[in-house]
Structures are given as structure tokens and as C-alpha cells.
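Below is one structure, written out as C-alpha cells; comments come after it.
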Amino acid sequence: MPASDADYERGGTAGGGAAGRLRDTEWDNPAEHAFDDCLEQPGSPKPSPILVAHNIERRFGGLIAVNVDTLEIQAGAITALIGPNGAGKTTLFNLLSGFDRPDMGEVVFEGERVTNVAPHVLAQRGMVRTFQLTKV
């Protein structure tokens, strides 16, 4: 159903963006304002986190591949993890999704501790991951 001019805070077309943002319509995204009350500093608590990791560390010999104090992923939000090659991004995903075990720390998914839970059990609970290479 198209929006009327009264649905916009300022002019534009359906879909919002730079041209205009919808106000209280079926297109409004509640996750858009989910972080409005959060402190703008790393490690600040997030509202309704679906995934939390505390003091996660993974070593390979003398190399510390992952050392994360606190990570909270907001439910309903798109979250990105960026970094250079070798930074530990894939290792962190493996730790969070049960494909690898941390040397220390814990992972909590939907309020339940899931550290060292097998990937197929996590998938049954709703946490799945994909891989970059789509080979069998």
C-alpha cells in the first residue's frame, strides 16, 4: 500500500532514505532506533542482545588469535565485523557458532550459556552460520 504525503516527516518517496523518512507506518523499522539510548563507546551494554560473548580467548600455540572482552549482538539489527586478513574474524565466528572451542570465556545465546555446545545443537536452537566458500 503506497504511503500518502501525510506519512512523511519531510517530502520523498516510499522507502525513505535521503528523500524522506516514514513516520509510524507499516514501513517503519523499530530496530532503526534500537541504539538511541546506548552510550557511544565500545563495550556499552546493548538493549535485548541475542548473542553475548564474555572474555573469549583462543590461542594457537603462542599466537593469540581472538581476545574479546565483551561482544553483544543486538536482536533484529544488522551487525558487521571487519578487519584485515589474519585478524581473527573467522576464528571468532567459529567460537561463537560452536565449530571451535575457546580457551577461556563464555558465549550466551538467547540468555542461555552455549559455550562448547555442538554446532548442530546450536542450529536446532536457531543459531546457524554460512561459509564463504559454497563447496560441499
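The values are calculated or read from the model by the stated rules, or taken from the named source; none is laboratory data. Note that this is a predicted model, so its numbers are computed, not measured. Every residue, glycine among them, receives a Cβ derived from its backbone with ideal geometry; neighbour counts consider all protein chains shown.
Does the range 26-44 contain any residue that is modelled with pLDDT under 95, part of a strand (DSSP E or B) and of a type outside the set (D, E)? Checked the range 26-44: no residue is modelled with pLDDT under 95, part of a strand (DSSP E or B) and of a type outside the set (D, E). In this entry, G83 passes the filter for residues that are under 28 Å from C38 (Cα atoms) and either of a type outside the set (V, I, T) or assigned to a strand (DSSP E or B) (or both). Of the set (1) touching a Phe, Trp or Tyr at 6+ places or on another chain (Cβ under 8 Å); (2) of a type in the set (A, V, I, L, M, F, W, C); (3) modelled with pLDDT under 75, all apply to L51 but (3).
Only residues that are touching a residue at least 24 places away in the same chain (Cβ under 8 Å), buried (at least 18 other Cβ atoms within 10 Å of the Cβ) and not in a loop (DSSP other than H, G, I, E, B): list them for the range 86-120, please. T91, L92, L95, L96, G105, V107, F109 - these are the residues of the range 86-120 that are touching a residue at least 24 places away in the same chain (Cβ under 8 Å), buried (at least 18 other Cβ atoms within 10 Å of the Cβ) and not in a loop (DSSP other than H, G, I, E, B).
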